[in-house]
Amino acid sequence: MTDRILRFGVIGLSRGFVLTRPMFLKDPRVRLVAAADPRPEARAAFEAEFAGRAYETAADLCADPEVDVVYVASPHGLHVDHATAAARAGKHVLVEKPMALTLADCRTMRAAAAQAGVRLLVGPSHGYDAPVVRAAELIRTGRFGALRMLTLMNFTDFMYRPRRPEELDPAAGGGVVFSQAAHQVDVARRLAGAPVAKVRAQALGWDPERRAEGAYQALLTFANGVSASLVYSGYGRFDTDALVGWVGELGQRRSPDDYGAARRRLTGSGDEAELKRLRAYGSGAAAEPERVGHEHFGFVLASCEGADLRPTATAIEVYGDAREVIDLPPAEAPRQGVVDEVWAAVVEGRPATHDGAWGQANLAACLAILESSREGRDVLLPHGGDEP
């Protein structure tokens, strides 16, 4: 590290990187110096925009001596190989959610980081969002009495955004449980402040053309007695952005006139692979939207004994004996909370919330959703799922 700037290298210049790219452009604490991607157009775009080095393979990037932190933004099934390679090369690691596809792979990643003496963090995920972090802080003060119940609900068009075949293959980590429950579980755990002890769930799929699970309902019971109801549908009908002032997941202004746009694009093009390519970096991906609020993950309500707290894109709404609105100032840079955690862990040596144990526990809860649905029973997580 030089001049207290964290120098990042990214593995994978696809959609995950497109969403995180503004963080690297606007946060002065980080600099993106290298990238790895098999697509020549992506490498050329990276070199032009960031004046950094672009490699064809992850191994070459991990060998770059100027990289301090490797951001693993490759497909889910490659996370374990790429994260362990980065750790063994002496790089700190930020790996996209879900951390991996199996708990064994999570343990392998944690062991590699521990052996190399580097830090392993998991994200970005919506547990980093400023409204969630602030709501969790308010709950911990005890000002509103004990937290008793959480209600989380998100309805999106996730299943009708362009997908690679493996993104619709449950065996390869496709569907909404791996990709979206990873966010929702993270938010619930941040607010509950305790490990998940029990999961009862139903994962559902009702479009034969998109055969992965596209929806789920889950009841999570936490070790401190808090219960959380998680509902998610990616089938593109109702849109919960209607409940948050038509501010989208990335904090951008949405229009109700765009209803059904994802389905129309998908059915109208006839070439899903081309639509997917156009969403990737270096292939004509849309410009960054104007942000009017913080990122969020749908409707969230935290019910304490003395008040209900509702984090939104711009404030925490408190419904107690009187209604109170706690405004949240805009962030100086997108996904600032992610850099805050990486900086604190790598530069200041402080513990991270979203470390490898946290990421493994998130995956354990997601896997429990699938197991509970498949077997029609409660799934117990005696240790929260983060055992090394």
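Quick notes
- 3J(HN,Hα) couplings calculated from phi for segment 102-116 with the Karplus curve 6.51 cos²θ - 1.76 cosθ + 1.60 (θ = phi - 60°) are, in sequence order, 9, 5, 5, 5, 4, 5, 4, 5, 5, 5, 5, 5, 5, 5, 7 Hz; Gly and Pro show x.
- In plain terms, the chain from R164 to R4 could stretch by 53.7 nm, reckoned as 0.36 nm per residue minus the Cα-Cα distance.
- The overall shape of the chain, judged from the alpha-carbon gyration tensor, is rounded, with an a/c ratio under 1.5.
- Burial ordering of E213, E167, fewest other beta-carbon atoms within 10 Å first: E167, E213
- Local electrostatic count, W343, Cβ distance below 10 Å [Lys/Arg +1, Asp/Glu -1]: -1
- Taking label points 7 Å from Cα along the Cα-to-Cβ direction, A63 and D308 give a separation of 5.8 nm.
- Coil-residue trypsin sites (Lys or Arg not before Pro) of segment 1-109, DSSP, other Cβ within 10 Å capped at 10: R4
- A full extension of the chain between L380 and E332 corresponds to an added length of 13.2 nm, given 0.36 nm per residue minus the alpha carbon distance.
- Rounded, prolate or oblate (a/c below 1.5 giving rounded, otherwise prolate when a/b exceeds b/c) for segment 135-220 by Cα gyration tensor: prolate
- For segment 218-234, 3J(HN,Hα) computed residue by residue from phi via the Karplus equation (6.51, -1.76, 1.60; θ = phi - 60°) reads 9, 10, 9, 10, 9, 4, 8, x, 5, 10, 10, 9, 10, 10, 9, 9, x Hz, glycine and proline entered as x.
- Around V95: net Lys/Arg minus Asp/Glu count, Cβ-Cβ under 12 Å: 0
- Taken along the Cα-to-beta-carbon direction at a fixed 7 Å, the label points for D257 and R88 span 5.5 nm.
- Rounded to 0.05, the FRET efficiency of the L278 and E137 pair, given R0 = 30 Å and the Cβ-Cβ distance, is 0.15.
- Rounded to 5, percent antiparallel among DSSP beta bridges of the chain: 60
- Of V187, G293, P208, farthest towards positive along the dipole that unit charges on Lys, Arg, Asp, Glu beta carbons give segment 183-328: P208
- For the chain: relative contact order, % (alpha-carbon pairs under 8 angstrom, 6 or more apart): 20
- For the chain, size of Cβ-based charge dipole, Lys and Arg +1, Asp and Glu -1, in debye: 240
- Anisotropy class of segment 303-383 from Cα gyration tensor, a/c 1.5 cut: oblate
- Mean Cα-pair separation over length for segment 1-155, i.e. relative contact order, pairs under 8 Å, 6 or more apart, %: 18
- Two-site FRET efficiency, A104 against D207, from Cβ-Cβ distance with R₀ of 35 Å, rounded to 0.05: 0.65
- Contact order, relative form, for segment 346-388: 48 percent (alpha carbon pairs under 8 Å, 6 or more residues apart, mean separation divided by residue count).
- Here the Gaussian network model covers the chain, with springs between Cα atoms less than 10 Å apart; of L204, L250, L78, L78 fluctuates the most.
- MRE, 222 nm, helices only [DSSP H, n ≥ 4, -39500 (n - 2.57), over the chain, to nearest 500]: -9500 deg cm²/dmol
None of the figures in this text is laboratory data; all of them are computed from the coordinates on show. Remember, it's a predicted structure, so these values are computed and weren't measured experimentally. So basically every Cβ, Gly included, is an ideal-geometry build from the backbone, and we count neighbours across all protein chains shown.
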